[in-house]
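As structure tokens, the structure follows; a few thoughts come after it.
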Amino acid sequence: MTRLDFITDAVQRQLRLSPALTRLGLLGMGLAGVCVLAMPLGIQIPPEGNLIETATFDAALGFFLLTLAVLSPGVSWSERGKKLWVGALVGMRSAA
């Protein structure tokens, strides 16, 4: 097993421990990809139509949530505390 395989396996194990954050992070990355693909087509979204800002925001938020999904299993949460924290992040992401 190479060092890269070891790192990949470790990250995948960590992501499986926080499925809600992982799904939302991947959703953010997916939405950023959709925006990037729509830019060359000239699709305008009123009122401003600036898809690059939308793509940047979605990608940054997705990367942030994926980072938290990897790091959060290392924190000693109470079960209630973890549910509150993940619930707050899910709610804030849904509102953004």
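The values are calculated or read from the model by the stated rules, or taken from the named source; none is laboratory data. Everything numeric in this text was worked out from a predicted model, so none of it was measured. For neighbour counting, all protein chains shown are included, and Cβ atoms are generated from backbone atoms with ideal geometry for every residue, glycine included. SASA here: full protein model, heavy atoms, side chains in, ligands and nucleic acids out. Shrake-Rupley method; radii C 1.70, N 1.55, O 1.52, S 1.80 Å.
Within segment 20-30, can one find any residue that is over 19 Å from GLY91 (Cα atoms), modelled with pLDDT of 85 or more, open to solvent by 90 Å² or more (accessible area, probe 1.4 Å) and outside any loop (DSSP other than H, G, I, E, B)?
Going through segment 20-30, the residues over 19 Å from GLY91 (Cα atoms) turn out to be none.
Checked against the condition, which is being over 19 Å from GLY91 (Cα atoms), modelled with pLDDT of 85 or more, open to solvent by 90 Å² or more (accessible area, probe 1.4 Å) and outside any loop (DSSP other than H, G, I, E, B), segment 20-30 yields no hits at all.
I want to confirm something. Restricting to segment 31-44 and keeping residues that are outside any helix (DSSP H, G or I) and either open to solvent by 90 Å² or more (accessible area, probe 1.4 Å) or of a type in the set (Phe, Trp, Tyr) (or both), which single residue is nearest to GLY91 (Cα to Cα)? If you could, list the steps in order and put the result at the bottom.
Of the residues in segment 31-44, the ones outside any helix (DSSP H, G or I) are 39-44.
Remaining after also requiring either open to solvent by 90 Å² or more (accessible area, probe 1.4 Å) or of a type in the set (Phe, Trp, Tyr) (or both): 40-41, 44.
Details: PRO40: 32, LEU41: 32, GLN44: 28 Å.
Among them, the one singled out is GLN44.
Kindly indicate whether ALA69 is of a type outside the set (Ser, Thr, Tyr) and free of Cβ contacts under 8 Å to residues at least 40 places away in the same chain.
Details: of a type outside the set (Ser, Thr, Tyr): yes; free of Cβ contacts under 8 Å to residues at least 40 places away in the same chain: no.
No: the conditions fail for ALA69.
Which of the residues belonging to segment 73-95 are in a helix (DSSP H, G or I) and exposed (fewer than 14 other Cβ atoms within 10 Å of the Cβ)? Steps first, please.
Taking segment 73-95 and keeping what is in a helix (DSSP H, G or I), we get 73-74, 79-95.
Of everything in segment 73-95, those that are in a helix (DSSP H, G or I) and exposed (fewer than 14 other Cβ atoms within 10 Å of the Cβ) turn out to be GLY74, GLU79, ARG80, GLY81, LYS83, LEU84, GLY87, ALA88, GLY91, MET92, SER94, ALA95.
Inside segment 6-19, can you point out the residues that are open to solvent by 70 Å² or more (accessible area, probe 1.4 Å) and without any contact (Cβ under 8 Å) to a residue 24 or more places away in the chain? Step through it out loud before you land on a result.
Initially, segment 6-19 is screened for residues open to solvent by 70 Å² or more (accessible area, probe 1.4 Å), giving 6-7, 12-13, 16-17.
Within segment 6-19, PHE6, ILE7, GLN12, ARG13, ARG16 qualify.
Would you confirm whether or not segment 53-72 contains a residue that is polar (S, T, N, Q), over 19 Å from THR22 (Cβ atoms), at pLDDT below 85 and surrounded by 10 or more Cβ atoms within 10 Å (Cβ to Cβ)?
If we filter segment 53-72 for residues that are polar (S, T, N, Q), which is where we start, we get 54, 56, 67, 72.
From what is left, the residues that are over 19 Å from THR22 (Cβ atoms) are 54, 56.
Narrowing the set further to residues that are at pLDDT below 85 leaves none.
Scanning segment 53-72 turns up no residue that is polar (S, T, N, Q), over 19 Å from THR22 (Cβ atoms), at pLDDT below 85 and surrounded by 10 or more Cβ atoms within 10 Å (Cβ to Cβ).
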